[in-house]
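Q: I'd like to ask you about the structure that follows.
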Amino acid sequence: MRSKILPPQILLTLWLFCPAFVPAVFAETFHADKLAAMDAAIEAAIADKKCPGGVLWLEHNGASYHKAYGSRALVPEREAMTEDTIFDAASLTKVIATTPAMMLLIERGQVKLDEPVKTYIPEFTGGGKELVTVRELMTHTSGLPPDIETQSGWHGQAEAVKKACAETLQSTPGTAFKYSDINFFLLGEIVQRVTKTPLEVFVQREIFGPLKMTDTGYLPAADKLPRIAPTEVVDGKPWRGVVHDPTARMMGGVAGHAGLFVTASDLARYSRMLLNLGELDGVRILKPETVKLMTTVQSLPGVRAGRGLGWDIDTAYSGPRGALFPIGSYGHTGWTGGSVWIDPASKTFVIFLSNRNHPTESGSVIALRRKLGTLAAQALADYDFAPRK
């Protein structure tokens, strides 16, 4: 629970063995056995080498349970995981940085959702690309392939955009869902061209700074390195403080699809802002109608996958929703092992951040994230979820 009484893990231990000592508000919010089951699921995944460790944050109606598990690093030596560990957000970048940046520009009338991308990136033409809209980039229905090549040694944001503009569409714009990093680094480029400001500067000024997300940003400073969870070991050395995603790395570490670093507590502040429809601690980031727009299905009729603007709602990527959170909830995942899922109906969010690809890519938290989503919903003592059909 977010409280100055006792840390959540101590509260849980007391609750399981000495329930009379636990504040009533905590017992009224969460089922102790389900929180213990979440702990056990994470510990089992660590034991099975699915991830070296992780940080969990479950919050419901302002009460929260948060905890660190396992190890932050295994190579070159073991380091214990801590709650203030900074993680490579991978594709969570799409919804923590690029999506809110785009929504701010849409709010301000600087970008139009159904305007062709070529309005903002004039060279994005040919082979039907001139028909692709901003909405289609944000819903992954542009028809673009998943990524550009990363084998030829190119470097820089401009070269990435050039390669994206040369890609061939794989489907007619607006007709099919295909998750693509290209969509989001193009959106990051739109933010930079429209605002005439580097993406990392714009999101820090407009989003992370006002929300007091003090450990969130691109290109982390050297003094933060000891708290950063390393990812894959390459040539005997783990990536640490350098984005794991190869496209973002070749773009210089700042991209619309990946490159962000974040802590669980910062992501909790961001999620809290969304549950509050765009406002936190008296600071408004987005209008309520903007939050509702981006977190409801925006893909065009006929597209079977349910996507908001940036956000995942009902697709093959929706595992963190678990078995009980309703279709009206939303979230996202990241390649490195992070996820967030937010349910406005029950005023709940569940975050799990991990570096499952440390020291190798063999780790996987897909099953764990699904289990945590189900257990998170089951843990709510004052809310019953209707069976989902």
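The values are calculated or read from the model by the stated rules, or taken from the named source; none is laboratory data. Everything numeric here is computed off the predicted structure, so don't read it as measured data. Note that we place each Cβ from the backbone using ideal geometry, even for glycine, and neighbour counts take in every protein chain shown. Each accessible area value is taken on the protein alone, full model and side chains, heavy atoms only, with ligands, DNA and RNA left out. Shrake-Rupley method; radii C 1.70, N 1.55, O 1.52, S 1.80 Å.
Q: Can you tell me which condition V283 does not meet? The list is (1) open to solvent by 10 Å² or more (accessible area, probe 1.4 Å); (2) within 24 Å of N355 (Cα to Cα); (3) among the β-branched types (V, I, T), and all the others hold.
A: (2)
Q: For M138, only one of the following conditions fails: (1) out of contact with any strand residue (DSSP E or B) (no Cβ under 6 Å at 6 or more places or on another chain); (2) farther than 30 Å from L35 by Cβ; (3) open to solvent by 10 Å² or more (accessible area, probe 1.4 Å). What is its number?
A: Going through the list (1) out of contact with any strand residue (DSSP E or B) (no Cβ under 6 Å at 6 or more places or on another chain); (2) farther than 30 Å from L35 by Cβ; (3) open to solvent by 10 Å² or more (accessible area, probe 1.4 Å), M138 breaks only (3).
Q: Can you find a residue that is open to solvent by less than 50 Å² (accessible area, probe 1.4 Å), of a type in the set (S, T, N, Q) and either under 23 Å from V132 (Cβ atoms) or in contact with a Gly (Cβ under 8 Å, 6 or more places away or on another chain) (or both) anywhere in the range 261-270?
A: Among the residues of the range 261-270, not one is open to solvent by less than 50 Å² (accessible area, probe 1.4 Å), of a type in the set (S, T, N, Q) and either under 23 Å from V132 (Cβ atoms) or in contact with a Gly (Cβ under 8 Å, 6 or more places away or on another chain) (or both), which makes the answer no.
Q: Taking V243 and the conditions (1) in contact with a Gly (Cβ under 8 Å, 6 or more places away or on another chain); (2) more than 21 Å from M138 (Cβ to Cβ); (3) of a type in the set (V, I, T); (4) open to solvent by 30 Å² or more (accessible area, probe 1.4 Å), which numbered condition does it fall short on, given that it satisfies the others?
A: Unmet condition: (4).
Q: Output the number of residues of the range 293-324 satisfying the condition of being of a type in the set (S, T, N, Q), closer than 19 Å to G143 by Cα and surrounded by 18 or more Cβ atoms within 10 Å (Cβ to Cβ). Quick ask: steps written out before the conclusion?
A: Looking only at the range 293-324, we keep the residues that are of a type in the set (S, T, N, Q), and these are 295-296, 298-299, 315, 318.
If we keep only those that are closer than 19 Å to G143 by Cα too, we end up with 298-299, 315.
Then drop every residue that is not surrounded by 18 or more Cβ atoms within 10 Å (Cβ to Cβ), which leaves 298-299.
Count: 2.
Q: Looking at A345, is it at pLDDT 95 or above, under 30 Å from H31 (Cβ atoms), open to solvent by 10 Å² or more (accessible area, probe 1.4 Å) and part of a helix (DSSP H, G or I)?
A: Working: at pLDDT 95 or above: yes; under 30 Å from H31 (Cβ atoms): yes; open to solvent by 10 Å² or more (accessible area, probe 1.4 Å): yes; part of a helix (DSSP H, G or I): no.
It is false that A345 is at pLDDT 95 or above, under 30 Å from H31 (Cβ atoms), open to solvent by 10 Å² or more (accessible area, probe 1.4 Å) and part of a helix (DSSP H, G or I).
Q: State the number of residues belonging to the range 198-217 that are of a type outside the set (D, E) and either in contact (Cβ under 8 Å) with a residue 60 or more places away in the chain or open to solvent by less than 20 Å² (accessible area, probe 1.4 Å) (or both).
A: Here the count works out to 11.
Q: So L275 ticks every box in (1) more than 23 Å from D88 (Cα to Cα); (2) under 18 Å from the mean Cα position of the chain (by Cα); (3) open to solvent by less than 20 Å² (accessible area, probe 1.4 Å); (4) among the aliphatic types (A, V, I, L, M) but one. Which box is left unticked?
A: (3)
One line per residue, one yes/no per condition, for (1) free of Cβ contacts under 8 Å to residues at least 60 places away in the same chain; (2) on the phi > 0 side of the Ramachandran plot; (3) under 26 Å from the mean Cα position of the chain (by Cα):
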position: R108; (1), (2), (3): yes, no, yes
position: Y120; (1), (2), (3): no, no, yes
position: V134; (1), (2), (3): yes, no, yes
position: L144; (1), (2), (3): yes, no, yes
position: T175; (1), (2), (3): no, no, yes
position: N183; (1), (2), (3): no, no, yes
position: G188; (1), (2), (3): no, no, yes
position: Q192; (1), (2), (3): yes, no, yes
position: K196; (1), (2), (3): yes, yes, yes
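Q: Let me ask you something else. Looking at the range 309-323 only, could you name the residues that are in a loop (DSSP other than H, G, I, E, B), farther than 26 Å from E289 by Cα and either touching a residue at least 40 places away in the same chain (Cβ under 8 Å) or not hydrophobic (A, V, I, L, M, F, W, C) (or both)?
A: We begin by selecting, within the range 309-323, every residue in a loop (DSSP other than H, G, I, E, B); these are 309-311, 315-318, 322-323.
Filter once more, so that each one left must be farther than 26 Å from E289 by Cα: 316, 322-323.
Listed by number, the residues that qualify are G322, A323.
Q: Here is a further query. Give the range 352-370 a look and list any residue that's assigned to a helix (DSSP H, G or I), open to solvent by 30 Å² or more (accessible area, probe 1.4 Å) and more than 19 Å from Y330 (Cβ to Cβ), or say none.
A: A367
Q: Pairs only if they're at least six apart or on different chains, beta carbon under 6 angstrom, first in the range 27-45 and of a type in the set (D, E, K, R), second open to solvent by 60 Å² or more (accessible area, probe 1.4 Å) and at pLDDT 95 or above; list them, first residue then second.
A: K34/Q378
Q: Out of the residues in the range 29-82 that are among the aromatic types (F, W, Y) and within 23 Å of the chain's Cα centre (by Cα), state the one that is nearest to E361 (Cα to Cα). Don't jump to the end; show me each part of the working.
A: If we filter the range 29-82 for residues that are among the aromatic types (F, W, Y), which is where we start, we get 30, 57, 65, 69.
From what is left, the residues that are within 23 Å of the chain's Cα centre (by Cα) are 57, 65, 69.
Numbers: W57: 24, Y65: 29, Y69: 20 Å.
The selected residue is Y69.
Here's the yes/no breakdown for (1) aliphatic (A, V, I, L, M); (2) in contact with an Asp or Glu (Cβ under 7 Å, 6 or more places away or on another chain); (3) under 22 Å from L309 (Cα atoms); (4) modelled with pLDDT of 95 or more:
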site: Y179; (1), (2), (3), (4): no, no, yes, yes
site: N183; (1), (2), (3), (4): no, no, yes, yes
site: R193; (1), (2), (3), (4): no, no, yes, yes
site: K196; (1), (2), (3), (4): no, no, no, yes
site: L199; (1), (2), (3), (4): yes, no, yes, yes
site: V203; (1), (2), (3), (4): yes, no, yes, yes
site: G241; (1), (2), (3), (4): no, no, no, yes
site: R249; (1), (2), (3), (4): no, no, no, yes
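Q: Starting from the range 275-301, take each residue that is free of Cβ contacts under 8 Å to residues at least 12 places away in the same chain and list its partners that are open to solvent by 50 Å² or more (accessible area, probe 1.4 Å), counting only C-beta distances under 7 angstrom and pairs at least six apart or across chains.
A: P288/L277
Q: Do you know which residues across the range 158-197 are among the hydrophobic types (A, V, I, L, M, F, W, C) and surrounded by 23 or more Cβ atoms within 10 Å (Cβ to Cβ)?
A: Looking only at the range 158-197, we keep the residues that are among the hydrophobic types (A, V, I, L, M, F, W, C), and these are 158, 160-161, 164-166, 169, 176-177, 182, 184-187, 190-191, 194.
Matches in the range 158-197: A160, A164, I182, F184, F185, L186, L187, I190, V191.
Q: Being without any contact (Cβ under 8 Å) to a residue 60 or more places away in the chain and either closer than 15 Å to G259 by Cβ or surrounded by 14 or more Cβ atoms within 10 Å (Cβ to Cβ) (or both) is the filter here, so list the residues in the range 219-239 that pass it.
A: Passing the criteria: L219, A221.
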